[in-house]
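Novice: Quick one: this structure, given as structure tokens, is what I'll be asking you about.
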Amino acid sequence: MNGMACKNPAMVQASDFAFSGLHIPGNTSDAMGFRVTLVSMTQIPGLNTLRISLVRVDYAPWGIVPLHTHPRAIEILTVIEGSLEVGFVTSNPGNRHITKILKKGDVFVFPVGLIHYQRNIGYGNAVAIAALSSQNPGVITIANTVFGSKPDISTDLLAKAFQVDKSAVWQLQAKF
């Protein structure tokens, strides 16, 4: 199921239901300044078919998790350290931007399939833990998907869709 075979119940062991390492900070030295440590059915085979997974998100100062969506999961995020600006955009026709500043201990929910983001608004590192309502939530990063597809989406189509000059599209495609 979901690309993962179900293990024979007579063969399961404690290691099929455990993960170590969520206490280890992720390397946030990339351009966006964040790192996700995923705990899903790949890391814990016993999660297969149980409809839940977990992530630790580490943020450098002013680091962002860029606009993305989880096509198969609701996300509930808890700030462990630091302060985050979080937000999502409702679906058409409203396209309302729902945003909040979260501090240590605060919780925020991102509805399934909606585009959302997080940004560390502090000068120190931040950490959050998020649960997702799928053992395989998936992630679609908007900019990577639109401007980094292979083969490229037509420059004419993107320029018209975003109502920008073709040169702006070429610049963005070159980054991805």
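The values are calculated or read from the model by the stated rules, or taken from the named source; none is laboratory data. Not measured: the values here are computed from a predicted model. A quick note on method: Cβ atoms are made from the backbone with ideal geometry, for glycine too, and the neighbour counts reach across all protein chains shown. Each accessible area value is taken on the protein alone, full model and side chains, heavy atoms only, with ligands, DNA and RNA left out. Shrake-Rupley method; radii C 1.70, N 1.55, O 1.52, S 1.80 Å.
Novice: Explain nothing, just compute: Karplus ³J(HN,Hα) = 6.51 cos²θ - 1.76 cosθ + 1.60, θ = phi - 60°, for every residue of the range 162-176 in order, whole Hz, x for Gly and Pro.
Specialist: 3J(HN,Hα) across the range 162-176, in whole Hz: 9, 6, 10, 5, 4, 5, 5, 5, 4, 4, 5, 4, 5, 7, 10.
Novice: Where only protein heavy atoms count, and the probe is 1.4 Å, what is the accessible area per residue for the chain in Å²?
Specialist: Value returned for the chain: 59 Å² of accessible area per residue.
Novice: Once phi is turned into θ = phi - 60°, what whole-Hz ³J(HN,Hα) does the Karplus curve with 6.51, -1.76 and 1.60 give for every residue of the range 65-72, x standing for Gly and Pro?
Specialist: 9, x, 3, 7, 9, 10, x, 10
Novice: Using only the Cα atoms of the range 32-87, what semi-axes does the equivalent ellipsoid have when each is the square root of 5 times a gyration tensor eigenvalue? Give whole Å, largest first.
Specialist: Values for the range 32-87, descending: 23, 13, 10 Å.
Novice: Run the accessible area of the chain with a 1.4 Å probe and give the carbon-and-sulfur part as a rounded percent.
Specialist: On the chain, the fraction of accessible area on carbon and sulfur atoms equals 61 percent.
Novice: How do the peptides 5-14, 100-109, 67-76 rank, highest first, by the average count of neighbouring beta carbon atoms within 10 Å per residue?
Specialist: 67-76, 100-109, 5-14
Novice: Read phi for every residue in the range 40-54 and hand back ³J(HN,Hα) as whole Hz from Karplus 6.51 cos²θ - 1.76 cosθ + 1.60, θ = phi - 60°, with x for Gly and Pro.
Specialist: With coefficients 6.51, -1.76 and 1.60, one gets 10, 5, 5, 7, 10, x, x, 6, 3, 6, 8, 6, 7, 8, 9 Hz.
Novice: Same structure again: When every alpha-carbon pair in the chain is counted, what percent end up more than 26 Å apart?
Specialist: More than 26 Å apart: 40 percent of the Cα pairs in the chain.
Novice: Under 5 Å between amide H atoms, partner at least 5 residues away or on a different chain: which partners does Ser83 have, H built in plane at 1.01 Å?
Specialist: Under 5 Å from the amide H of Ser83 lie the amide H atoms of Ile121, Gly122, each far enough along the sequence or on another chain.
Novice: Another question about this same structure. Just order 131-143, 54-66 by mean Cβ neighbour count inside 10 Å, highest at the front, would you?
Specialist: Result, highest mean Cβ count within 10 Å first: 54-66, 131-143.
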